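Each remark here refers to the structure printed beneath this line.
The values are calculated or read from the model by the stated rules, or taken from the named source; none is laboratory data. Predicted, not measured: the structure shown is a model, and the values here were computed from it. Note that we place each Cβ from the backbone using ideal geometry, even for glycine, and neighbour counts take in every protein chain shown.
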Amino acid sequence: MRFTEDSAYNIDAGETKLAVFDLDAMTVEHPMGIGYGSFLKMGELKGIKFEAVLIRFDFTLSEEDIGKTVSYAELDLPVRLVQDTLFSLKVAFYELLEDFSEEDSITAVPPLAAGGVPDSNGTVPERLLNIQSSSYNLDPILVNDWLEGTKDHRGIAIVPNEIPASPGIVEMNARDYGSDPPVVRVEFTDGSTANYAAEADYSIATFTTDGLDCVGGVATRVYFEFDIEGLDDRAMIHYSSLVLTVDNELSLGASPGEESLLELPTNFYYYLYTPGSGDYLDQEFFSGTGVNAGDFDPYETETVRIPLVGFIPDVAEGERENTGLVFQSDLEGSRFQRVSFFGVDADSLAPRLEIIYSLPADFSGNP
């Protein structure tokens, strides 16, 4: 150490700097479906396509109904909300060839029996699903076979017959709503009636839109890779963050029914982690060490700045392998949500890594 003659120690303070690193980013799909929910959904909403509804009914006969014959049957779907009062979907009903459970993670329509479910005339019509139409007659012979157990009832699938001219969504009560579930109503030849409620139901959804999107419900995540080799080896890191810019017009906080009828919050809840593997084909990629979690309003927030806490210092000092960062919906197993970010080609709006650091003070002791 060098001291001046008057014993004063002359130090030049280190500079505080901001380093900005570009990120490589890609969307990665982790196949997952949502089994439980208050509403069943069909149609399309913000690029999320609800491709089918599966419903299985509890056809357990009461003692007094054993041996009776069905004379009339209808399926009642408790439609609660459509995106537009004029919106309709043309759909068809099919028998399922495989069992399903709400605990399953179903990402594609299961095998279906050919021909479709007949109506009371024994024909297979095209059904219209909208706010006015929600009850559909069924072939009483088929329903009678289900009740007697002479034909296995694994459930039915409701699938669209065509792609509508404009996107829209129909939401109806699921069994988990707590009241007024989907039900098959029957009348027997003796004039008595019975209702058979859904014992399991499921909405199958996909997301295929191009862009930098994180989507809950269909487990679409965003993977960020970065290189901080250009950071000064002497850097003392004070703060670091992942900075993302939201495209508000494409974002979804909650479906119309969830927002207006259930009053669910519309904030997007996220979880940021560093994966156990940098190879997205490796199953370990889909889990890892948490870095941060939080939420923001996808309709109003323009810039999301996520603190990276001790992650970047650990990477810079070689104490942690740099396998990148994964941004996911923290509700991807329970809610359909979407947030879209501007991509790597969006210039000043592109995702980036910001690091605030300082360099060591100059201890040269220059008088």
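A Cβ distance below 8 Å, combined with a sequence gap of six or more or placement on separate chains, defines the contacts here; from the stretch 293-308, residues that are closer than 10 Å to ASP247 by Cα reach residues that are small (Gly, Ala, Ser) in the pairs PRO298/SER251; PRO298/GLY253; TYR299/SER251; TYR299/GLY253. Scanning the stretch 130-145 for residues that are within 34 Å of the chain's Cα centre (by Cα) and either assigned by TED's automatic domain parsing to the domain that holds GLY217 or at pLDDT 90 or above (or both) yields SER135, TYR136, ASN137, LEU138.
With the structure loaded, tell me whether ALA174 is under 14 Å from ARG56 (Cβ atoms), touching an Asp or Glu at 6+ places or on another chain (Cβ under 8 Å) and in the same structural domain as LYS68 (by TED's automatic domain parsing) or whether it fails that test. In short, yes.
The criterion of being of a type outside the set (Gly, Ala, Ser) and within 22 Å of ASP65 (Cβ to Cβ) does not hold for ASP119. Here THR107 does not qualify as more than 30 Å from the chain's Cα centre (by Cα) and farther than 22 Å from ASN195 by Cα. When residues in the stretch 233-255 are screened for being under 15 Å from the mean Cα position of the chain (by Cα) and surrounded by fewer than 18 Cβ atoms within 10 Å (Cβ to Cβ), 1 of them pass.
Restricted to strands (runs of 3 or more DSSP E) entirely inside the stretch 43-131, those with at least 2 residues that are among the small types (Gly, Ala, Ser) are 70-76. I'm trying to understand the selection: among the residues of the stretch 199-226, which are assigned to a strand (DSSP E or B) and over 26 Å from GLU354 (Cα atoms)? Listed by number, the residues that qualify are GLU199, ALA200, ASP201, TYR202, SER203, ILE204, ALA205, THR206, PHE207, GLY216. Of everything in the stretch 256-295 that is aromatic (Phe, Trp, Tyr) and under 16 Å from the mean Cα position of the chain (by Cα), the residue that is modelled with the lowest pLDDT is PHE286. The C-beta contact set for the stretch 338-358 (first residue without any contact (Cβ under 8 Å) to a residue 12 or more places away in the chain, second residue crowded, with 17+ Cβ neighbours inside 10 Å, distance under 9 angstrom, 6+ apart or interchain) comprises SER348/THR245.
Are any residues in the stretch 304-321 surrounded by fewer than 20 Cβ atoms within 10 Å (Cβ to Cβ) and at pLDDT below 95, and if so, which ones?
From the stretch 304-321, those surrounded by fewer than 20 Cβ atoms within 10 Å (Cβ to Cβ) are 305-307, 309-310, 313-314, 317-321; that's our starting set.
If the condition is that a residue be surrounded by fewer than 20 Cβ atoms within 10 Å (Cβ to Cβ) and at pLDDT below 95, then VAL309, GLY310, PRO313, ASP314, GLU317, GLY318, GLU319, ARG320, GLU321 are the ones that fit.
Okay, residues lined up against (1) in a loop (DSSP other than H, G, I, E, B); (2) assigned by TED's automatic domain parsing to the domain that holds ASP213; (3) touching a residue at least 60 places away in the same chain (Cβ under 8 Å):
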position: ILE228; (1), (2), (3): yes, yes, yes
position: VAL243; (1), (2), (3): no, yes, yes
position: ALA254; (1), (2), (3): yes, yes, yes
position: GLU258; (1), (2), (3): no, yes, yes
position: LEU262; (1), (2), (3): yes, yes, yes
position: LEU272; (1), (2), (3): no, yes, no
position: ASP279; (1), (2), (3): yes, yes, no
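Remark: pairs (first residue in the stretch 96-117, under 15 Å from LEU40 (Cα atoms); second residue among the aromatic types (Phe, Trp, Tyr) and assigned to a loop (DSSP other than H, G, I, E, B); Cβ separation under 6 Å; 6+ apart in sequence or on different chains) = GLU102/TYR36. Across the stretch 59-87, which residue is nearest to ARG154 (Cα to Cα) among those that are surrounded by fewer than 15 Cβ atoms within 10 Å (Cβ to Cβ) and among the hydroxyl-bearing types (Ser, Thr, Tyr)? Checking each candidate, the answer is THR60. Within the option set ILE204, ILE237, being in contact with a helix residue (DSSP H, G or I) (Cβ under 9 Å, 6 or more places away or on another chain) and not small (Gly, Ala, Ser) holds for one residue only, ILE237. Among the residues making up the stretch 336-360, those that are surrounded by 21 or more Cβ atoms within 10 Å (Cβ to Cβ) and in a loop (DSSP other than H, G, I, E, B) are PHE336, PRO351.
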